Amino acid sequence: MNTEPIRFDTKIAVLLRADLEPWQRLNVTSFLVSGLGTQLPEVIGEPYEDADGVPYLPMFRQPVMVFEATKETLTTAHARALFRALPRAVFTSDLFSTGNDRDNRAAVRAVPTADLDLAGLAVYGPKNAVDKVVKGARMHP
């Protein structure tokens, strides 16, 4: 049995706008990371099971690093993620006022890329590329 720690050459990062309310930070983070697992099966680990054999759903196989930044830094990070063609998910401020998935997608679709009022961004990729995307942000307190 191999007991060495598993290391990853990839990173999952969530970047949140610093002026969000605590409930918004949690909501945005939850929505953003849900998008990664649907399109990137390699980020999902094996299912869990407790000592009594009760099964649990699999989760990400690696930590999710959460950062915060100003609106300007978030906009720059978004442009960097697009430039590097990294897998990404966005949450715009408009989504706080919609009530369902159809309206969420329509709200994002209605705004040109450069005008998106970003509340958060999730990105996945090689560590150094993700580090360059989130440059200027700080770890979430």
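Summed over the stretch 92-135, the residues that are of a type in the set (Gly, Ala, Ser) and buried (at least 16 other Cβ atoms within 10 Å of the Cβ) give a count of 7.
Taking the stretch 1-29 as the search range and keeping residues that are of a type outside the set (A, V, I, L, M, F, W, C) and within 19 Å of Tyr124 (Cβ to Cβ), which one is modelled with the lowest pLDDT?
Going residue by residue through the stretch 1-29, those that are of a type outside the set (A, V, I, L, M, F, W, C) are 2-5, 7, 9-11, 17, 19, 21-22, 24-25, 27, 29.
Those still in the list that are within 19 Å of Tyr124 (Cβ to Cβ) too: 7, 9-11, 29.
Numbers: Arg7: 81, Asp9: 90, Thr10: 94, Lys11: 94, Thr29: 96.
So the residue we want is Arg7.
Of everything in the stretch 51-68, what is open to solvent by less than 70 Å² (accessible area, probe 1.4 Å) and either within 18 Å of Pro5 (Cα to Cα) or in contact with a strand residue (DSSP E or B) (Cβ under 6 Å, 6 or more places away or on another chain) (or both)? Give them in sequence order. Residues satisfying the conditions are Pro58, Phe60, Gln62, Val64, Met65, Val66, Phe67, Glu68. Scanning the stretch 12-22 for residues that are open to solvent by less than 40 Å² (accessible area, probe 1.4 Å) and either of a type in the set (Asp, Glu) or outside any loop (DSSP other than H, G, I, E, B) (or both), we see that the one that is farthest from Thr76 (Cα to Cα) is Ile12.
Yes/no per residue for (1) at pLDDT below 95; (2) under 21 Å from Thr38 (Cα atoms):
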{"residue": "Arg61", "(1), (2)": "yes, yes"}
{"residue": "Val66", "(1), (2)": "no, yes"}
{"residue": "Arg88", "(1), (2)": "no, yes"}
{"residue": "Phe91", "(1), (2)": "no, yes"}
{"residue": "Val111", "(1), (2)": "no, no"}
{"residue": "Gly125", "(1), (2)": "no, yes"}
{"residue": "Met139", "(1), (2)": "yes, no"}
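Scanning the stretch 23-50 for residues that are under 21 Å from Gly99 (Cβ atoms), open to solvent by less than 90 Å² (accessible area, probe 1.4 Å) and more than 12 Å from the chain's Cα centre (by Cα) yields one hit, Gln24.
Counting only residues that are small (Gly, Ala, Ser) and over 17 Å from Ala89 (Cβ atoms), the stretch 99-113 holds 2 of them.
The values are calculated or read from the model by the stated rules, or taken from the named source; none is laboratory data. Being a predicted model, the structure only gives us computed values, none of them experimental. Note that each Cβ is placed from the backbone with ideal geometry, even for glycine, and that neighbours are counted across all protein chains shown. Surface accessibility is based on the protein's heavy atoms, side chains included, excluding ligands, DNA and RNA. Shrake-Rupley method; radii C 1.70, N 1.55, O 1.52, S 1.80 Å.
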